[in-house]
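The values are calculated or read from the model by the stated rules, or taken from the named source; none is laboratory data. This is a predicted model, so every value here is computed, not measured. Positions of Cβ are generated from backbone atoms using ideal geometry, with glycine treated the same way; all protein chains shown enter the neighbour counts. Please note that ligands, DNA and RNA were not included when accessible areas were found on the heavy atoms of the full protein model with its side chains. Shrake-Rupley method; radii C 1.70, N 1.55, O 1.52, S 1.80 Å.
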Amino acid sequence: MFRNLKAVGRVLYGRNSFDQLDEVMGELRVNEDSFVLFLVDEYFEGKELMKRIPMHSQDILKIIEVKEEPKTKIVDEIVAEVKSLGKGNPVSVVGIGGGSAMDYAKATRLMFTNEGSSAQYQGLDFIKNKGVHCTVIPTISGCGAEVSMTTVLTGPVKKLGIKGNYTPADQLLLDPELIKTVPEPQRFYTAMDCYIHNIEALNGHRKTVMGDSLGHESLRLCREIFLSEDSRTSENDEKLMIASYLGGLSLTYSEVGACHAISYGLASVTGVHHGEGNCIVFNQLEEFYPDGVKEFRAMMKNNNIDLPVGFNANRTPDEIEKMIDVSLTLIFMWAHVCGPDWQKIITRDKLRGLLMKM
Ligand code: NAD
Ligand code: ZN
């Protein structure tokens with residue numbers, strides 16, 4: 001059986017298209033009580049962009065902390081707070097920021113129409129009711145959350161996405177002007193999440209012509225950007241935004257692989273952010289992706305990026321074993337990398353050896 005896949009609904013794309021957001025929201029407002037819930041990455045507090053957010057008097061704007069990755073608890077708190085106002089449901093939940101702010105928007109919108117805590121819905125296809133409308137506006141590019149079927153959340157028990165047909169956003173706004181302020185090395189780390197998605201999607205048992213075609217184009221853009229003389233031009237920002245979009249779509253038709261499987265383990269113990277964690281792991285995966293790792297290092301060199309050295313040097317044996325435990329639960333990823341007999345290849349010893357090199 002093939003899954004009838006759902007991607008983002010409408011896509012507004014273009015430089016300064018952010019200025020059309022009021023028009024897009026206007027189509028959703030049905031009467032003067034209609035309100036929009038804006039969830040905005042904390043970076044923008046006090047910045048110029050705040051003044052450009054088309055707030056109407058009844059709208060609600062919340063600044064979202066993104067130092068730690070999104071939590072079910074915060075999703076539940078936002079929904080409870082808005083519901084307590086007795087204004088009904090928003091006509092759209094708009095996430096403005098990176099993967100974290102966008103995932104908050106994608107999760108929050110679901111909890112206006114599904115009972116209980118968002119933690120109950122972590123996993124595949126647990127959401128039963130369509131959420132309210134959701135708009136995502138990336139301000140840093142690479143993670144692919146703008147188009148994916150997942151919203152990654154940390155709950156009281158697990159870090160796992162809410163994934164299903166109701167999870168993708170309804171509206172995406174791609175304005176390359178919004179990502180120009182992202183500092184290094186954050187921009188590189190998040191962009192490499194996209195590069196790694198492509199390498200992993202293109203190299204494994206679950207690859208498809210659909211996934212490959214999207215992944216190859218995304219990869220071509222990543223190469224143009226990060227092997228160029230100056231990766232930080234306006235043109236390269238635009239290419240990066242599209243690479244992230246295509247890379248995210250490509251994953252819908254394939255799977256991530258060894259880097260993500262190990263990086264989830266690494267993050268579960270250290271809390272390292274997704275993009276940085278992926279870079280630390282990928283740098284040690286020549287055995288799985290020899291050409292990709294070589295090219296990744298060339299990109300690092302070309303962009304003067306130094307990865308943390310000895311990241312796992314002082315971890316206790318228990319911490320390393322916990323990383324291995326988490327990594328081994330990601331069976332779809334490992335089956336994509338090594339096939340159905342992956343357990344014969346991916347042993348605890350192998351993972352321990354790799355983790356100790358990081
Ligand atoms: P992020 O959202 O964590 O943001 C990284 C940093 O960049 C933050 O400090 C943020 O304030 C800052 N930032 C954002 N825009 C900026 C701008 N224009 N100028 C300056 N600073 C800016 O980063 P990310 O890498 O996009 O997302 C990572 C998150 O996404 C993780 O929580 C991860 O689990 C999740 N993720 C989700 C998916 C998915 O499919 N849903 C896929 C991969 C990762
Ligand atoms: Zn990723």
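Surface analysis of the chain yields an accessible area of 45 Å² per residue, using protein heavy atoms and a 1.4 Å probe.
If only the Cβ of Lys and Arg carry +1 and only the Cβ of Asp and Glu carry -1, the dipole of the chain around its Cα centre is close to 820 debye.
Given axes a ≥ b ≥ c from the Cα gyration tensor, I'd like to know whether the range 186-356 is rounded (a/c under 1.5), prolate (a/b larger than b/c) or oblate.
Numbers: a/c = 2.17, a/b = 1.32, b/c = 1.65.
Because a/c hits 1.5 or more and a/b fails to exceed b/c, the range 186-356 counts as oblate.
Taking a straight line from the alpha carbon of residue 163, these lysines sit under 27 Å away, with near neighbours fewer than eight places off in the same chain left out: 6, 62, 67, 71, 73, 83, 106, 128, 130, 207, 322. The HN-Hα couplings worked out from phi for the range 99-114 by the Karplus form 6.51 cos²θ - 1.76 cosθ + 1.60 (θ = phi - 60°) are x, 5, 5, 5, 5, 4, 5, 5, 7, 4, 4, 6, 7, 6, 10, 10 Hz, whole numbers, x standing for Gly and Pro. Our note on the geometry: Cα centres of the range 4-26 and the range 168-203, 17 Å apart. With only Cα atoms counted, the range 78-125 has Rg and Dmax values of 11.2, 31 Å.
Translational diffusion coefficient of the range 109-158 (Stokes-Einstein, Kirkwood radius from Cα pairs, 20 °C, 1.002 mPa s): 172 µm²/s. Dipole check for the range 255-358: with +1 at the C-beta of Lys and Arg, -1 at the C-beta of Asp and Glu, and the Cα centre as origin, the magnitude is about 160 Debye. The share of accessible area on the chain that comes from carbon and sulfur is 53 percent, using a 1.4 angstrom probe. Once the C-beta distance of residue 216 and residue 51 is scaled by a Förster radius of 56 Å, the resulting FRET efficiency is 0.90 to the nearest 0.05. Charges were assigned to the Cβ only: +1 to each Lys and Arg, -1 to each Asp and Glu. The resulting dipole of the range 10-179 about its Cα centre is roughly 500 debye. Using a probe of 1.4 Å, the accessible surface attributed to residue 270 totals some 40 Å² when neighbouring protein chains are kept in position. The average projected area of the chain, computed from the convex hull of its Cα atoms over all directions, is 17.5 nm².
Based on C-alpha pairs under 8 angstrom that are at least 6 apart in sequence, the range 10-179 has a relative contact order of 27 percent.
What is the range 125-207 by shape, rounded, prolate or oblate, if you read a ≥ b ≥ c off the alpha carbon gyration tensor as root eigenvalues and call it rounded for a/c under 1.5, prolate for a/b larger than b/c, and oblate otherwise? Verdict is oblate for the range 125-207.
Cα convex hull, the range 10-179: 106 Å³ per residue, rounded to a whole number. Using C-alpha pairs under 8 Å with a sequence gap of at least 6, the mean separation divided by the residue count of the chain gives a relative contact order of 16 percent. Taking the DSSP beta bridges with both ends in the chain, the antiparallel portion is around 15 percent. Shown are 44, 288, whose ranking by accessible area with a 1.4 Å probe and every protein chain present, most to least, is 288, 44. Remark: accessible surface ordering of 210, 50, 358 (largest first) is 210, 50, 358, probe radius 1.4 Å.
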